[in-house]
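K.L.:
One structure coming up, written as structure tokens, with questions to follow.
The values are calculated or read from the model by the stated rules, or taken from the named source; none is laboratory data. Since this is a predicted model, take the numbers as computed values, not measurements. Every residue, glycine among them, receives a Cβ derived from its backbone with ideal geometry; neighbour counts consider all protein chains shown. These accessible areas exclude ligands, DNA and RNA; they are computed on the full protein's heavy atoms, side chains included. Shrake-Rupley method; radii C 1.70, N 1.55, O 1.52, S 1.80 Å.
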Amino acid sequence: MNISNKQFTHIASTIIGLLAGLGAVILKNFTHFIQHLLEGKFIKDLHQAFYFIFPIIGLLIVILFIKYVVKKKIGHGIPSTLYAISKQKGIMPSHQMWASIITAPLTVGFGGSVGLEGPTVATGAALGSNFARFFHLNQTTRTLLIGAAAAGAMSSIFKAPIAAIVFAVEIFSLELTLASMIPLLLASITAVLTSYFFLGDDVLLHFQLQEKFLLKDVLFYVLLGVFTAGISIYFSKVYFFISDYFKKFKNPYKRLLIGGLLIGVIVFLIPPLFGEGYETINNILKGNVGNIIMNNIFNIRIGSIWSIIVLLAVLVIFKVVAMSLTFSAGGIGGVFAPTLFTGSITGFVFAMIINYSNILQHQLSLTNFAMVGMAGLMAGVLQAPLTAIFLIAEITGGYELFIPLMIVASISFIITKIFIPHNIYAHELAKKGELITHNKDKNVLMLLDLDKLIETNFILLYPEMSLGDVVTNAVAKSSRNHFPVINNDKEFLGVLTINDIRSIMFDKNLYEKVKVRSLMHDGSDIIYYEKDSAEEILNKFKRTGAWNLVVLKEGKYFGFMSKSRLLTAYRRKLIDVTA
């Protein structure tokens, strides 16, 4: 029986959803198994100081596992998936199907202050990519199956199938059409059913809406949007700063030692920062602040409400630091859980400050503001406002908080976007011009293989060559009308064209008198192989009006690129992408 490409894609999406759901279940259960072992009676009876060394032990195992077992780099979940879509034609290495299932639980289980969502999505995406490669599916279908796998992974984690679809579209810049919607829907529902089958009704976030949205609270939700934007900017800036700082250490064991020790100190002094932090989030959503505050190394009992606010603010400040250190020290994880952690506490603290300042006649709902605060941080840090709105709406079991979610998410997103142009996932790719967006023209340019557009079969000229040498050894033997001029170190000096010598090329009296140095001229502009994106190259052609530009690689002459080849490749790729 023959089936159409569309039917096969639907079947494949269902299978991918099942696999992504299974991946999420395995990853979650393995993490809980490690945590259960570490919290067992034997270790608890030894000494609480073990919490100090757990993170560095976990990170060491991860580094050794990657070095001696995987033997290949494991990228951070969602950024590595975005890179595969934008620069690898949706092809992800096969080891990514299983590597994160082991390394992420080791990182989180031993106390690394990161989440499991990113590695779960990356695992599912790798399964989708390799499934597509196995059946020799084209790039468009491969990318769609990666998005379906991502939707399946998120759906399985949060049991929120609609939000998972929105997440895949928003983060991976998928084109939202009926053709793409059905595969995403099939993968999402299959994955959530898989999660229900293996994990039952258990959910990550336990929340029951008890207080409805009140119109008189609108102003405070607006202020919460501004407040969460500020925290989002802090979150992103700290993450970028610590990541950039640790890049200075080339030795991975040095990064491990410094980062691991700092994480250990932070977790030892502030135990709620150990691991993902969902226990703390759930305590916040239930209003059980006491369970969080009492969990400190000094066993301090807090009486003053303002002391509680300060301690909760400390959790927000240091969660971001602990997360950034975990990544920088070599841990594998995601930023989704830390975002929810900081968001819930941010919303809760904001409502507490308003309530105990006696500004209002009535009291703001602490749990509602905590829930909406999570949406504010997701909209700011992840720059995914629609995902934030629908995820929290699905978790709360309805749309009672839909209006405040929209208010806070939109304000947080707009303000954060001004200061942080790209989210944490896309920051590095955006700097290199390798980020897929919803702009189809830019996406097509980004998908071009620039190496295939560079021409290198040019006859090279040197500044001391005579006109006679040029005519005899270059013009007569080449079909080109321009020639690069370089020195003995292959450094680019200029260009000589047929037009530059047309009036004198047949005057043999000048063959020995005139040198290339006196005839050549600077190139219109230069393409830098390492840093120029296709979009920047196209802009250089537009600015200069040139039809050919020289390409430099590592500061040396490498070849030429022509505008006609670039535009032809663009048109072909556009047909492939939209077919």
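K.L.:
Inside the stretch 273-392, counting only helices (runs of 4 or more DSSP H) that do not spill past its ends, which hold 3 or more residues that are of a type in the set (G, A, S)?
P.N.:
Working: elements: 278-286, 289-293, 305-328, 336-355, 366-377.
So the answer is 305-328, 336-355, 366-377.
K.L.:
In the stretch 69-85, which residues are open to solvent by 20 Å² or more (accessible area, probe 1.4 Å) and among the aliphatic types (A, V, I, L, M)?
P.N.:
V69
K.L.:
Another question, then. Please verify whether A153 is open to solvent by less than 10 Å² (accessible area, probe 1.4 Å), farther than 28 Å from T342 by Cβ and either not in a loop (DSSP other than H, G, I, E, B) or not β-branched (V, I, T) (or both), treating the condition exactly as stated.
P.N.:
Working: open to solvent by less than 10 Å² (accessible area, probe 1.4 Å): yes; farther than 28 Å from T342 by Cβ: no; either not in a loop (DSSP other than H, G, I, E, B) or not β-branched (V, I, T) (or both): yes.
In short, no.
K.L.:
A follow-up question, please. Of the conditions (1) at pLDDT 90 or above; (2) surrounded by 13 or more Cβ atoms within 10 Å (Cβ to Cβ), N282 fails just one. Which one is it?
P.N.:
Single failed check for N282: (1).
K.L.:
Quick one: in the stretch 230-244, which of the residues that are closer than 22 Å to A384 by Cβ and hydrophobic (A, V, I, L, M, F, W, C) is least open to solvent (accessible area, probe 1.4 Å)?
P.N.:
It comes out as F235.
K.L.:
If you don't mind, there's one more thing I want to ask. Just wondering, is there one or more residues in the stretch 319-331 that are aliphatic (A, V, I, L, M), at pLDDT 90 or above and surrounded by fewer than 22 Cβ atoms within 10 Å (Cβ to Cβ)?
P.N.:
Within the stretch 319-331, one or more residues are aliphatic (A, V, I, L, M), at pLDDT 90 or above and surrounded by fewer than 22 Cβ atoms within 10 Å (Cβ to Cβ).
K.L.:
Go through the stretch 190-213 residue by residue and tally those that are touching a residue at least 60 places away in the same chain (Cβ under 8 Å) and open to solvent by 80 Å² or more (accessible area, probe 1.4 Å).
P.N.:
Start the filter on the stretch 190-213 by keeping residues that are touching a residue at least 60 places away in the same chain (Cβ under 8 Å), which leaves 190-195, 198-199, 203-213.
Then drop every residue that is not open to solvent by 80 Å² or more (accessible area, probe 1.4 Å), which leaves 193, 198, 208, 210-212.
The total comes to 6.
K.L.:
Here is a follow-up. Only one of (1) modelled with pLDDT of 80 or more; (2) open to solvent by less than 60 Å² (accessible area, probe 1.4 Å); (3) assigned to a loop (DSSP other than H, G, I, E, B); (4) more than 30 Å from V514 (Cα to Cα) fails for P463. Which number is that?
P.N.:
All conditions pass for P463, except number (4).
K.L.:
Scanning the stretch 1-51 for residues that are within 24 Å of the chain's Cα centre (by Cα) and among the polar types (S, T, N, Q), which turns out modelled with the lowest pLDDT?
P.N.:
Per the stated criteria, the residue is T31.
K.L.:
With respect to V495, is the statement that it is under 31 Å from the mean Cα position of the chain (by Cα) and either of a type in the set (D, E, K, R) or surrounded by 13 or more Cβ atoms within 10 Å (Cβ to Cβ) (or both) true? Even if it seems obvious, please write down each step before you answer.
P.N.:
Values: under 31 Å from the mean Cα position of the chain (by Cα): no; either of a type in the set (D, E, K, R) or surrounded by 13 or more Cβ atoms within 10 Å (Cβ to Cβ) (or both): yes.
Taking the combined requirement at face value, the residue does not satisfy it.
K.L.:
Would you check if S86 is part of a helix (DSSP H, G or I), polar (S, T, N, Q) and at pLDDT below 85? Write out each step before concluding.
P.N.:
Values: part of a helix (DSSP H, G or I): yes; polar (S, T, N, Q): yes; at pLDDT below 85: yes.
Yes; evaluated as a whole, the condition is true for this residue.
K.L.:
In the stretch 103-124, what residues are open to solvent by less than 10 Å² (accessible area, probe 1.4 Å) and either of a type in the set (F, W, Y) or on the phi > 0 side of the Ramachandran plot (or both)?
P.N.:
Hit for the stretch 103-124 is G111, nothing else.
K.L.:
Report yes if V470 is of a type outside the set (D, E, K, R), touching a strand residue (DSSP E or B) at 6+ places or on another chain (Cβ under 8 Å), open to solvent by less than 20 Å² (accessible area, probe 1.4 Å) and farther than 28 Å from I537 by Cα, otherwise no. Give the steps one after another, and end with the answer.
P.N.:
Details: of a type outside the set (D, E, K, R): yes; touching a strand residue (DSSP E or B) at 6+ places or on another chain (Cβ under 8 Å): yes; open to solvent by less than 20 Å² (accessible area, probe 1.4 Å): yes; farther than 28 Å from I537 by Cα: yes.
In short, yes.
K.L.:
Being over 16 Å from the mean Cα position of the chain (by Cα), buried (at least 24 other Cβ atoms within 10 Å of the Cβ) and within 19 Å of I284 (Cβ to Cβ) is the filter here, so list the residues in the stretch 378-394 that pass it.
P.N.:
The answer is A388, L391, I392.
K.L.:
Might you check whether a residue that is farther than 29 Å from L60 by Cβ and of a type outside the set (A, V, I, L, M) occurs anywhere in the stretch 96-116?
P.N.:
Taking the stretch 96-116 first, the residues farther than 29 Å from L60 by Cβ are none.
So far as the stretch 96-116 goes, no, none of its residues is farther than 29 Å from L60 by Cβ and of a type outside the set (A, V, I, L, M).
K.L.:
So, of the residues in the stretch 89-102 that are surrounded by 19 or more Cβ atoms within 10 Å (Cβ to Cβ) and not in a helix (DSSP H, G or I), which turns out to be modelled with the highest pLDDT?
P.N.:
M92
K.L.:
Are any of the residues in the stretch 214-229 surrounded by 14 or more Cβ atoms within 10 Å (Cβ to Cβ), closer than 30 Å to G58 by Cα and within 24 Å of the chain's Cα centre (by Cα)?
P.N.:
Within the stretch 214-229, none of the residues are surrounded by 14 or more Cβ atoms within 10 Å (Cβ to Cβ), closer than 30 Å to G58 by Cα and within 24 Å of the chain's Cα centre (by Cα).
K.L.:
Test each condition in (1) more than 16 Å from H10 (Cβ to Cβ); (2) more than 20 Å from the chain's Cα centre (by Cα); (3) not polar (S, T, N, Q) for L186 and report the one that comes out false.
P.N.:
Failing condition for L186: (1).
K.L.:
Among the numbered criteria (1) closer than 30 Å to K417 by Cβ; (2) assigned to a helix (DSSP H, G or I); (3) open to solvent by 30 Å² or more (accessible area, probe 1.4 Å), which single criterion is violated by L186?
P.N.:
Of the numbered conditions (1) closer than 30 Å to K417 by Cβ; (2) assigned to a helix (DSSP H, G or I); (3) open to solvent by 30 Å² or more (accessible area, probe 1.4 Å), the odd one out for L186 is (1).
K.L.:
Name the pairs whose Cβ atoms lie under 6 Å apart, with the first residue in the stretch 402-424 and more than 16 Å from M374 (Cβ to Cβ), the second of a type in the set (K, R), and 6 or more positions between them or separate chains?
P.N.:
Note: no pairs meet the criteria.
K.L.:
Quick check: is even one residue across the stretch 355-365 on the phi < 0 side of the Ramachandran plot, hydrophobic (A, V, I, L, M, F, W, C) and surrounded by fewer than 21 Cβ atoms within 10 Å (Cβ to Cβ)? Let's see the steps before the verdict.
P.N.:
Of all residues in the stretch 355-365, those on the phi < 0 side of the Ramachandran plot come to 355-357, 359-365.
Narrowing the set further to residues that are hydrophobic (A, V, I, L, M, F, W, C) leaves 359-360, 364.
Applying the additional criterion that residues be surrounded by fewer than 21 Cβ atoms within 10 Å (Cβ to Cβ) yields 359-360.
For the stretch 355-365, residues on the phi < 0 side of the Ramachandran plot, hydrophobic (A, V, I, L, M, F, W, C) and surrounded by fewer than 21 Cβ atoms within 10 Å (Cβ to Cβ): present.
K.L.:
While we're looking at this one, here's another question. Going by the structure shown, is K248 farther than 23 Å from P404 by Cα, under 28 Å from the mean Cα position of the chain (by Cα) and not in a helix (DSSP H, G or I)?
P.N.:
Numbers: farther than 23 Å from P404 by Cα: yes; under 28 Å from the mean Cα position of the chain (by Cα): yes; not in a helix (DSSP H, G or I): yes.
Against the criterion (farther than 23 Å from P404 by Cα, under 28 Å from the mean Cα position of the chain (by Cα) and not in a helix (DSSP H, G or I)), K248 qualifies.
K.L.:
Mind checking which residues of the stretch 79-135 are free of Cβ contacts under 8 Å to residues at least 40 places away in the same chain, aromatic (F, W, Y) and closer than 30 Å to G264 by Cα?
P.N.:
Scanning the stretch 79-135 gives a single hit, W98.
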